[in-house]
Structure formats: C-alpha cells, structure tokens
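Asker: Handing you a structure now.
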Amino acid sequence: MEKEIKERKDVLESDKWDLTTIYKSNEEWEKDISKIPELTKEIASYKGKLSENAGTLLCALKSLETLSRIIDKAWNYASLKLSEDEGNPDSLDREGRITMAYSKMQAEISFFEPELLNIQDEKINEWISGSDFDDYRIFIKKILHHKAHTLSEKEERLLSLEMESARTAENAFGMLTNVDLQFESVTVDGEKQPLTQSTYGVFLQNPNRAVREEAYKKFYAGFNAHANTLASLYAGSVNHDVFVSRVRGYSSSLEMGLFSDKVDESVYRNLIATVHKNLPDLHRYYSLRKKVLGLSELRHWDVSVPLVKGVKMTTKYEDAVEICRAALSVLGKEYTDTISNGLLNGWVDRYENKGKRSGAFSSGAYTGYPYILLNYKEDDIRDVFTMAHEGGHSMHSFYSAQSNPFMHYSYTIFEAEVASTFNEELVFEYLLKEAKDESVKKYLLSMRAADIVSTLHRQTMFAEFELLAHESVENGTPLSADVLRKIYRSLLETYFGPEMIFEKESDLEGLRIPHFYGAFYVYKYATGISASLALASRVSSGGEKEREDYFKFLRSGGSRYPIESLRIAGVDMASTTPVQSALNTFKKIVEELESSL
C-alpha cells in the first residue's frame, strides 16, 4: 500500500504557519498592492529634485520607505503562499502580479540611485550627517558603495524593465522540478512509497542498499528525461549574470556577486584552495565509509546512509522543539523562549503536502513572524537539525527587525548562514552529551561528519562549479549540457576521490540545484559553517562578553558589512583560519570514527 501525501486543503491548521501577522486576508493584500502605483508616482515626482536640498531628499526617502514597506510585506506574503502549493493558480497569480508591480515600480523610480549618486560627495555626506537621516544614513552609504557600477538613468530603467523576464529561467526550473517532474515509486519492505524531492534524502539513508540504488536511479531518470532543458535553463541564468556584470562594468560575474557584501574575491578563491589542500581527509572519510559499510565498491548512493547500523531515532515535532530549547540554552532564556514559542505557534509550516516547495527555508520580513517552511519527518534526525538551522535564520531576522530601522534591517546571506549553522552545532553538542548509548554517540559523530561534508566540502564544490561555469562563458565557451556535465563530473571525481564509482547520470546533480539560480550564493554555506563552528566554541566556553558579542552580531541587521559584523562577533572571515579550523575539526571527527568503528 502506497503512503499518501496530503493535499494542501487536508493539512491541519495547527501544522500550518499563521500568515495573518502579515495580512489577515487576501483582500488586505489586494488593498496594499493597489497602493503601489500611486506611491510610485509620488516618488517619481521627486525626479530632478533630489539634489535641491537635504529636506527634499529626506522627503523622497520617506516616500521610498513607505512604498518599500508595502513591497516587503506583499512580496513575502505572495512568496509564502506560493510555496505552500506551487501549482495553486491563485498563488501563482499573486506572485506574478507582485513581481510585475515591483518590476514596473523599479522602472519608474530607476532615476533615484543615479540621481543620488550625482550629488557631490561633500554635499551629500554633509546632509546625511544630521540626525534626521539616522534611519537612512546606512542605506545611502550602501548606495554610494555602488557608484562605480551604477549606470545612467535611462540604462537603469532598461535593466529594471528587464527584471521580470530575467527570472524566467529560475521560475521555469522551479515549476519543472517542483510541480511537473514526476518520479516512479520506490519499494521498501514490499510497500510502494512515493519518491519526491523531499523523500529522496530519506531513501538514501535506508540501510537496504537495493532501496538506495532504486531511489537513486529512478530519481535521476526523472532528471535525465529533461537534461537538455535543465542545462538550457541554467545556461540562460549564467548568460544573464555575465551580461549584467559586463553592462555594469565589473571585471567578472564573481566580482559582481561579491561586491554588495564588500567581500574580496580572495575570500571565495581561498575557500576553494583551502578545501582542495585538505581533500586527502575527505578521501580518507570516503575510504572509511566504504570499509565500515563492507562494500567492495563505493557508489554515489552510499554516501548518505548512516555509518552506524541499528540506531533508529524517531523524534516527534514537539520533542524536536524541546531539544532546540535545551541545546540553545547558552544563549539565554529570552532567546530559547522566543524560538520555542515560534516553532510551536505560527512560525512554521511543518509537513510535506502535494505541490509544496521542497526542502526548507526561513523568510523573515520587517512585518510579521520570521516564517519557516519545513518538510519535517519524524524518522529523520536530520530534520531536527534543519529545524534548528532555520530557527537560527528566523531568530536572526527577529533580532534584526527589532534592532534596526526598516531601511537597513535586512542582513546578508553571508551572515545568515552563520546564525543557522551555529544553532546546528549547539544541537549536535547537546545530543552527543546527552547520549547514553555508545552506538548513539557513534551515530551522531558519523552524522556530524556527514553534515560538515554536506555544508563545507559539498557547498565548496558547488561554488567551484558556479565559478567554472561563469568563467567558461566569460572566456567564450557556451554552456551546453555536455559542457556543464563534463565540468561537474570532473569536480565529482576530484572531491570524492578514487574510492567512488559514478554512474553515467551522476553528473546530472549539477543541473538540479535550485541555489545555482542565485549566483555565488552557496559558498556562504561553507564560510558560514566555518564561522559558526568557531563562534559556537567561543560562546559555549566563554562568558557574558562572548555571548553579548554574538548578540551584537544578531542585532546588526544590515548596519554593517558582513566581514565587519563577524569580526565583532569574534571571528575574522577575511583570513583562511576559520576554514582551516573547521577542516581540522572534520579531520578529528574522522579520526574518532576510525578508532571507534
């Protein structure tokens, strides 16, 4: 008998997020987006006037803030509603309309930044030094940071008008992989079970190798049927990145991808180089995996199954919340009460339903709860870590919104991946300490090793793939399915080492990663876990100062650039030290596993 995945309408209200903190009804959303054209006209009325005096500029900024707050709310609501069921026509309509409204708004106010940048530096710096500009000063300074790459008003308008069509590749990829793409069922203990992007990871942890192989082959058969389409979509995304970087005068897509965060290219390239230097330890891990699993040959479907057999951990959702509460207690009662209450009461959309976006995310806006989408499964202990991870994002959003004016409350993804993996590390340390059974300890150690591989090594491999794909286009080589698969297969062989035997379809993995449609994003997972391992150790072994330093980081929002905010927390990501330290931690875990297994 095949297990049923619920339709959205059949999901219990208590298992859904409560979006009424954004809008109490769809009608309220409609009222808000109806205001966008008029507010846009109000801002447009300042065209040609921004340089008149400080008062005029301040009025224009206040109008921009009013409009931006509505866009922030409306877009967040539409996006969250769509993620509940990506095939829902009403949600698709809402998301399409807010995208169009935003694109049109951007085109109408495209004069704003070029005109602001034309104000003499001495004059604008004098204006924004006044207290009236306290809520806008950082916002303006970050615009000034982009001065060298901001185009004329006419050119900025053209790019704004193109914004909606620029998302076509990403939108088509999401529709194909989350809605249209279907997989054959997988047989487990004589029972057919649905194979989806969410259940795939569970099947790969099944101790029965035949189940893992069947799931792997059927999963990639689904992608293989659309390989050329997927390659074309990703090539389109890369080509657009290269186009925009050249139009704006960047030396490369990578420079453009890092520029907003003031992250030097050396941080990205040093990450890859440092991981490469330590690949023998990763190969040693895969060799250990092959030996412990008793395999004559290691296949791609063998890399997720737990190394410790006979340990089954089932964790109800409410129990997972209590684990997070206890594990994060070093951060204080206010933190743990807030996150626990949120996880239980309205922040989270808990379980999988048909059409729901796969994976997990946190989506915090200035108004409303910092929402979390999960596809929680009681029989997968990793989902406890996912809860802690997304909870870290949401608490970061919570403190950022509480502590900053709207115009610079939003922190960078670079910083976000620290707050999330910090929580994961504390949950791991808590569970390891509380484990009474040696087999459970070994299980947790093996799982932590796998998590570091997934977050540090694997994301660095993804980052290298993105870099090579973009450099290929920049050097004049178009991206076909064959080119992309060849690049990715070479990386698979480099990172997994000589023990791994790949299938013909294994390199299709590079065409199924949604994060690639937001270029140069995934490296932040690797830098994030490197920073978080250092900070978790610092806070856990430190005192009030170390904890307060971490909260200064959480409260920073967008008030600082990420390298600076992390220095305040106690870690310097401009150096390779945190990455090397994280890789040393991984090496130590592998050594412990070798001796204990």
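The values are calculated or read from the model by the stated rules, or taken from the named source; none is laboratory data. Predicted model only: the values in this text are computed from it and were never measured. Neighbour counts run over all protein chains shown; Cβ positions are idealised from the backbone, glycine included. What goes into the accessible areas is simple: the full protein's heavy atoms, side chains included, and nothing from ligands, DNA or RNA. Shrake-Rupley method; radii C 1.70, N 1.55, O 1.52, S 1.80 Å.
Asker: Just give me the residues in the stretch 300-330 being open to solvent by less than 10 Å² (accessible area, probe 1.4 Å), farther than 21 Å from Glu438 by Cα and outside any helix (DSSP H, G or I), in sequence order.
Answerer: Of everything in the stretch 300-330, just one residue is open to solvent by less than 10 Å² (accessible area, probe 1.4 Å), farther than 21 Å from Glu438 by Cα and outside any helix (DSSP H, G or I), namely Leu328.
Asker: While we're on this one: Restricting the search to the stretch 46-62, which residues are more than 9 Å from Trp127 (Cβ to Cβ), in contact with a Leu (Cβ under 9 Å, 6 or more places away or on another chain) and hydrophobic (A, V, I, L, M, F, W, C)?
Answerer: Correct list: Leu50, Ala60.
Asker: Kindly indicate which of Glu297, Glu322, Glu318 is more than 29 Å from Leu535 (Cα to Cα) and either touching a strand residue (DSSP E or B) at 6+ places or on another chain (Cβ under 8 Å) or not basic (Lys, Arg) (or both).
Answerer: The unique qualifying residue is Glu297.
Asker: While we're looking at this one, here's another question. Can you tell me how many residues within the stretch 224-283 are over 29 Å from Pro498 (Cα atoms), of a type in the set (D, E, K, R) and assigned to a helix (DSSP H, G or I)?
Answerer: Qualifying residue count for the region: 4.
Yes/no matrix, rows are residues, columns are (1) open to solvent by less than 70 Å² (accessible area, probe 1.4 Å); (2) among the hydrophobic types (A, V, I, L, M, F, W, C); (3) touching a Gly at 6+ places or on another chain (Cβ under 8 Å):
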| position | (1), (2), (3) |
| --- | --- |
| Ser131 | no, no, no |
| Lys142 | yes, no, yes |
| His146 | yes, no, no |
| Leu151 | yes, yes, no |
| Ala166 | yes, yes, no |
| Ala169 | yes, yes, yes |
| Asp180 | no, no, no |
| Val186 | yes, yes, no |
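Asker: Let me ask something else. When the residues of the stretch 80-94 are filtered to those that are under 20 Å from the mean Cα position of the chain (by Cα) and part of a helix (DSSP H, G or I), which remaining residue is farthest from Pro37 (Cα to Cα)?
Answerer: Here the answer is Glu84.
Asker: Take the residues in the stretch 141-157 that are assigned to a helix (DSSP H, G or I) and touching a residue at least 60 places away in the same chain (Cβ under 8 Å), then tell me which one is nearest to Glu255 (Cα to Cα).
Answerer: His149
Asker: Provide a single number: the residues in the stretch 236-258 that are among the hydrophobic types (A, V, I, L, M, F, W, C) and under 21 Å from the mean Cα position of the chain (by Cα).
Answerer: So the count comes out to 4.
Asker: Looking at the stretch 503-510, can you tell me whether even one residue there is of a type in the set (Asp, Glu), farther than 30 Å from Ala327 by Cβ, open to solvent by 10 Å² or more (accessible area, probe 1.4 Å) and touching a strand residue (DSSP E or B) at 6+ places or on another chain (Cβ under 7 Å)?
Answerer: There is no residue in the stretch 503-510 that is of a type in the set (Asp, Glu), farther than 30 Å from Ala327 by Cβ, open to solvent by 10 Å² or more (accessible area, probe 1.4 Å) and touching a strand residue (DSSP E or B) at 6+ places or on another chain (Cβ under 7 Å).
Asker: Right, here's the next one. How about the stretch 427-471: which of its residues are among the polar types (S, T, N, Q) and in contact (Cβ under 8 Å) with a residue 24 or more places away in the chain?
Answerer: Of everything in the stretch 427-471, those that are among the polar types (S, T, N, Q) and in contact (Cβ under 8 Å) with a residue 24 or more places away in the chain turn out to be Ser439, Ser446, Thr455, Gln459, Thr460.
Asker: Being closer than 30 Å to Ala227 by Cα and outside any helix (DSSP H, G or I): is that true of Thr455 here?
Answerer: no
Asker: Okay, moving on. List the pairs whose first member sits in the stretch 374-392 and is within 18 Å of Pro207 (Cβ to Cβ), whose second member is assigned to a helix (DSSP H, G or I) and of a type in the set (S, T, N, Q), and whose Cβ atoms are under 9 Å apart, counting only residues at least 6 apart or on separate chains?
Answerer: Asp380/Thr386
Asker: Sticking with this structure for a sec: Within the group Lys123, Lys73, Lys47, Lys35, which residue is surrounded by fewer than 16 Cβ atoms within 10 Å (Cβ to Cβ) and touching a Phe, Trp or Tyr at 6+ places or on another chain (Cβ under 8 Å)?
Answerer: When all the criteria are applied, what remains is Lys47.
A quick yes/no check of all residues on (1) among the aliphatic types (A, V, I, L, M); (2) open to solvent by 10 Å² or more (accessible area, probe 1.4 Å):
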{"site": "Asp383", "(1), (2)": "no, yes"}
{"site": "Pro405", "(1), (2)": "no, yes"}
{"site": "Thr421", "(1), (2)": "no, no"}
{"site": "Leu445", "(1), (2)": "yes, yes"}
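Asker: Pairs please, first residue from the stretch 218-237 and touching a residue at least 12 places away in the same chain (Cβ under 8 Å) and of a type outside the set (A, V, I, L, M, F, W, C), second anywhere and part of a helix (DSSP H, G or I) and open to solvent by 70 Å² or more (accessible area, probe 1.4 Å), Cβ atoms under 8 Å, 6+ apart in sequence or on different chains.
Answerer: Taking only residues 6 or more apart or on different chains, the pairs are Gly236/Thr168; Ser237/Glu170.
Asker: Right, here's the next one. Residue check: is Lys333 modelled with pLDDT of 95 or more, closer than 30 Å to Met387 by Cβ and open to solvent by 60 Å² or more (accessible area, probe 1.4 Å)?
Answerer: yes
Asker: Within the stretch 285-294, work out how many residues are open to solvent by 30 Å² or more (accessible area, probe 1.4 Å) and either within 15 Å of Ala210 (Cβ to Cβ) or small (Gly, Ala, Ser) (or both).
Answerer: Summing the residues that are open to solvent by 30 Å² or more (accessible area, probe 1.4 Å) and either within 15 Å of Ala210 (Cβ to Cβ) or small (Gly, Ala, Ser) (or both) in the stretch 285-294 gives 1.
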